[in-house]
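Scroll down for the structure; my scribbles are underneath it.
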Amino acid sequence: MRYLCNRFKAFQLIMEAEEKEVNRKTWWILGVILLILIIGVASYYIWFQQKQMLEMTELFTLEKEMLRGDFEEVTLRFEGMKFSINNDTLIAQIVQQEAKIERLQEELRTVKVTNARQINELKREVETLRKIAQSFAVQIDSLDKENANLKKIVQNNQQKLQSMTQQVTRLGKENENLKVSVQKASMLNAVNIQLLPVNKNDKAAKIDKAVRLILTFSISKNISAPIGEQAIYVRIMRPNDELLKKQNTGRFQFENRDIEYSLIRNIEYDGEEQPIKLYWDIEETLSPGKYRVIIFAAGNQIGSRELTL
């Protein structure tokens with residue numbers, strides 16, 4: 001009996017040791033998992049912050065490049081004026097403005113793309129220089145009327161002026177392209193467009209048996225887009241390219257035209273991704289085929305998709 005008791009106690013000690021070892025390994029595994037989760041969350045946060053900074057940097061880089069073109073354009077205007085006048089006082093004033101432009105261009109080269117305040121100040125400087133250039137142009141026109149000799153100067157420098165005008169035109173087009181790029185960066189974007197025919201229980205059904213259509217999509221995150229109330233218009237086109245519409249349907253402006261829409265939703269956009277769900281109650285006969293969904297906002301087409309129902 002004493003032998004059995006000793007054996008039982010030894011067995012208990014072995015089991016307790018094994019249980020402690022299992023507990024120790026369990027806590028160790030839980031600690032490793034917790035560490036992996038912390039590293040994962042921290043990595044995502046860092047990636048998200050870097051993505052936001054990259055988007056802001058790209059937008060400010062475009063604006064900085066537009067400013068560079070603006071300064072070059074104004075410089076060419078002043079340079080062209082010097083060839084068209086013979087007035088020392090006015091030339092001295094133009095040279096003074098050219099020196100100012102050189103200083104501002106140097107400031108633009110060194111300014112960081114994220115310094116919005118300084119970039120806005122440089123924009124105001126450009127507008128001031130344009131007004132000064134316009135003032136000089138008025139004075140030159142007055143001098144032209146008073147001094148006939150200026151006509152000869154203009155003729156002698158016509159080729160130079162024409163070349164500079166072409167450069168101004170080219171820079172103007174480049175600036176327009178940059179402005180278009182900025183506008184595109186601020187446009188909303190509709191993604192993940194889905195159109196599902198359903199029965200009265202909102203279960204998927206064939207198009208000829210469905211009682212309504214469920215349209216879902218998302219407005220992508222865009223920190224460059226204006227925030228506030230936005231009207232989202234949707235056009236749903238049948239396989240025969242006819243618009244799905246109700247009686248007395250509304251209209252909206254697109255490319256200088258009033259066009260009809262199928263559905264509308266007003267949203268409060270805050271720059272973050274926003275899911276949207278719309279319903280179309282089927283009161284007409286719909287046949288199987290390819291349906292097109294086209295989505296508009298703020299006078300722009302922001303998404304489209306062709307789906308086979």
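The values are calculated or read from the model by the stated rules, or taken from the named source; none is laboratory data. Keep in mind that what you see is a predicted model, and the values were worked out from it rather than measured. Backbone-built Cβ (ideal geometry, glycine too); neighbour counts: all protein chains shown.
The table for this structure:
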{"read-out": "Filter result for PHE71 (under 27 Å from LYS160 (Cα atoms), modelled with pLDDT of 70 or more and touching a Lys or Arg at 6+ places or on another chain (Cβ under 7 Å))", "value": "no"}
{"read-out": "Residue list for the range 196-231, restricted to those being touching a Ser or Thr at 6+ places or on another chain (Cβ under 8 Å) and in contact (Cβ under 8 Å) with a residue 40 or more places away in the chain", "value": "ILE207, ASP208, ASN222, SER224, ALA225, PRO226"}
{"read-out": "Near pairs, Cβ below 6 angstrom, 6+ apart or cross-chain, from the range 236-254 (closer than 11 Å to TYR291 by Cβ) to any residue that is surrounded by 13 or more Cβ atoms within 10 Å (Cβ to Cβ) and β-branched (Val, Ile, Thr)", "value": "ILE236/VAL293; LEU244/ILE236"}
{"read-out": "Restricting the range 256-290 to residues that are among the aromatic types (Phe, Trp, Tyr) and more than 14 Å from ARG212 (Cβ to Cβ), the residue that is modelled with the highest pLDDT", "value": "TYR261"}
{"read-out": "Contacts under 7 angstrom Cβ, first residue in the range 92-106 being in contact (Cβ under 8 Å) with a residue 24 or more places away in the chain and more than 21 Å from GLN118 (Cβ to Cβ), partner in a helix (DSSP H, G or I) and not acidic (Asp, Glu), 6 or more apart", "value": "ILE94/PHE78; ILE94/MET81; ILE94/LYS82; ILE94/PHE136"}
{"read-out": "The range 249-276, subset among the aromatic types (Phe, Trp, Tyr) and under 22 Å from the mean Cα position of the chain (by Cα), residue surrounded by the most Cβ atoms within 10 Å (Cβ to Cβ)", "value": "TYR269"}
{"read-out": "The lone exception for PHE296 - which of (1) among the hydrophobic types (A, V, I, L, M, F, W, C); (2) touching a residue at least 60 places away in the same chain (Cβ under 8 Å); (3) more than 22 Å from MET187 (Cβ to Cβ) it fails", "value": "(3)"}
